[in-house]
Amino acid sequence: MNAPGGSLLVAEGLRKAYGPTMALDGAEFSIHPGEVVAVMGPSGSGKSTLLHCLAGIVTPDSGSIMYDGQDLATMSDAQRSRLRRSDFGFVFQFGQLVPELTCVENVALPLRLNGAPRKQAERTALEWMQRLEVDDLGRKRPGEVSGGQGQRVAVARSLVTDPRVLFADEPTGALDSLNGERVMELLTEAARSANAAVVLVTHEARVAAYSDREIVVRDGKSRDMERVI
Amino acid sequence: MSIGHTLLGLLESGPRHGYDLKRAFDEKFGHDRPLHYGQVYSTMSRLLKNGLVEVDGIESGGGPERKRYAITDAGITDVEQWLATPEKPEPYLQSTLYTKIVLALLTHRDAADILDTQRAEHLRSMRILTDRKRRGDLADQLICDHALFHLEADLRWLELAAARLDKLKAAVHT
């Protein structure tokens, strides 16, 4: 594959099987800093497996993933975990906030895990909550806020460590269209202003319309539509 | 969109010259396609002939004569009827795409390619609309949303068609 120059994350020839099922069958991917790339495709096409491989959560059976010039396959588990904490951010469809913690504690959590003092971590957390327009919910617990608000809190948490890549797997899947669009607007604005790349897995075209380009995954194979048209 | 009805509707708030009508139309509805003067004047002469508008006054200055148009009672009734009548949902795009897919399958070309390319084209339009929505006011947002939902409906059809290509292939070759 001729990866475009300056790519931050590049995958080539990814293969991953779960038993007899081939989830990825030669998938390719590349993303630049500050770029939003939608990964689209029908259910079961391999979208989420691709995201999990790119994020170093799942190890592919073969193929390579280069992040900022480093080969993920040559890293130890501990190194990959460190990379996920320092350079990657994650947003999922639901169930990601710790119910016992307040919203600001949830957002500050990644910083606390990286060793930041509580006050400093919560100050940074509040700044991000402000950008996501949920700073007034700081003292509430996840159970006391709406789905749309909770998702914005989760987006704030995913960006609080200034990740270079944000992995978002159906981030608006559990929201109505108005809330979903607001989350996408704020997510892409915040990520672009921080120059973070966003890998956005979605099956919704309206969500994908917030991206710069799309990759289509079908039967474990990926297709970069920018290079097709 | 019916230009005649839209111009009539614009006249309901008070008489206007052709030029003012064009400007009001472009400002409110002509985001992508501003009206040509010729369209305004030909539409107005048709409305005049049908008794839906009348000439409210003629100004003659240094240039050509400028007619001022006013809506008639019949015109108001016409607008009311138009507003109350639902638009016919037209499956305009699907028929063309369906033809293309079937032709591709019949000639052993890659029909999935056609669908992928169409999806990318749709998404390109959706990105432009999404961007316009983000920068625009509430009117822009509502207009763009309408277009976005239509494009999304087409895309859902594309996905469904893509999922059924194998069945369709078997059907067209029998």
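Each value in this text was obtained by applying a stated rule to the coordinates, not by laboratory testing. Model, not experiment: these values are computed from the prediction. Here the Cβ is made from the backbone with ideal geometry for all residues, glycine too, and neighbour counts use every protein chain on show.
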To the nearest 20 debye, what charge dipole does region A:64-133 have about its Cα centre, counting +1 at the Cβ of each Lys and Arg and -1 at the Cβ of each Asp and Glu? 200 debye
Debye intensity ratio I(q)/I(0), log10, region A:140-229, q values 0.12, 0.14, 0.26 Å⁻¹ (C-alpha model): -0.40, -0.53, -1.39
Can you tell me the 0 to 90 degree angle between the C-alpha axis of helix A:177-193 and the longest principal axis of chain A, rounded to 10? 80 degrees
Leading residue at positive end of dipole, the protein assembly as shown (Cβ point charges), from A:70, B:40, A:174: A:70
Please determine, in degrees from 0 to 90 and to the nearest 10, the orientation of helix A:77-87 with respect to the longest principal axis defined by the Cα atoms of chain A, where the helix direction is its Cα long axis. 60 degrees
Semi-axes in Å, largest first, for chain B (Cα gyration tensor, √(5λ)) are 45, 18, 15
Along the dipole axis of region A:9-228 (charges at Cβ: +1 for Lys and Arg, -1 for Asp and Glu; origin at the Cα centre), the most positive-end residue among A:149, A:191, A:48 is A:149
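How large is the dipole of region A:9-228 about the Cα centre if only Lys and Arg carry +1 and Asp and Glu carry -1, each at its Cβ, rounded to the nearest 20 debye? List each step's numbers first, then the result.
Values: 26 positive and 30 negative charges, 101 e Å.
It comes to approximately 480 debye.
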So the FRET efficiency between residue B:124 and residue B:166, C-beta based with R0 = 30 Å and rounded to 0.05, is 0.60
Separation of the residue B:70 and residue B:106 label points, Cα + 7 Å toward Cβ, nm: 6.0 nm
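Note down, for region A:1-85, the three equivalent ellipsoid semi-axes (square root of 5 times each alpha carbon gyration tensor eigenvalue), biggest first, whole angstrom.
On the way: eigenvalues 76, 55, 29 Å².
One finds semi-axes of 19, 17, 12 Å for region A:1-85.
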Counting just the Cα atoms, what span does region A:96-136 cover along each of its three principal axes? Round to the nearest Å and put the largest first. 26, 21, 13
On a 0 to 90° scale, report how tilted helix A:147-159 is relative to the longest principal axis of chain A, with both axes built from alpha carbons and the result rounded to the nearest 10. 70 degrees
Would you mind computing Rg(Cα) / (2.2 N^0.38 Å) for region B:92-172, counting N as its residues? 1.31
After finding the eigenvalues of the alpha carbon gyration tensor for region B:3-84, what semi-axes result from the square roots of 5 times each, listed largest first in whole Å? 19, 17, 10
For residue A:166, distant residues with modelled amide H under 5 Å away: A:89, A:197, A:198, A:199
Where the only charges are on Cβ atoms (+1 Lys, Arg; -1 Asp, Glu), what is the dipole of the protein assembly as shown about its Cα centre, to the nearest 20 debye? 560 debye
Which listed pairs, of A:47/B:133; B:133/B:169; A:47/A:140; B:67/B:133, have C-alpha distances above 31 Å, in listed order: B:133/B:169; A:47/A:140; B:67/B:133
If N is the residue count of the protein assembly as shown, its Cα Rg over 2.2 N^0.38 Å rounds to 1.26
Which whole number in µm²/s is D for region A:9-228 by Stokes-Einstein, with the Kirkwood Rh taken over Cα pairs at 37 °C and 0.692 mPa s? 187 µm²/s
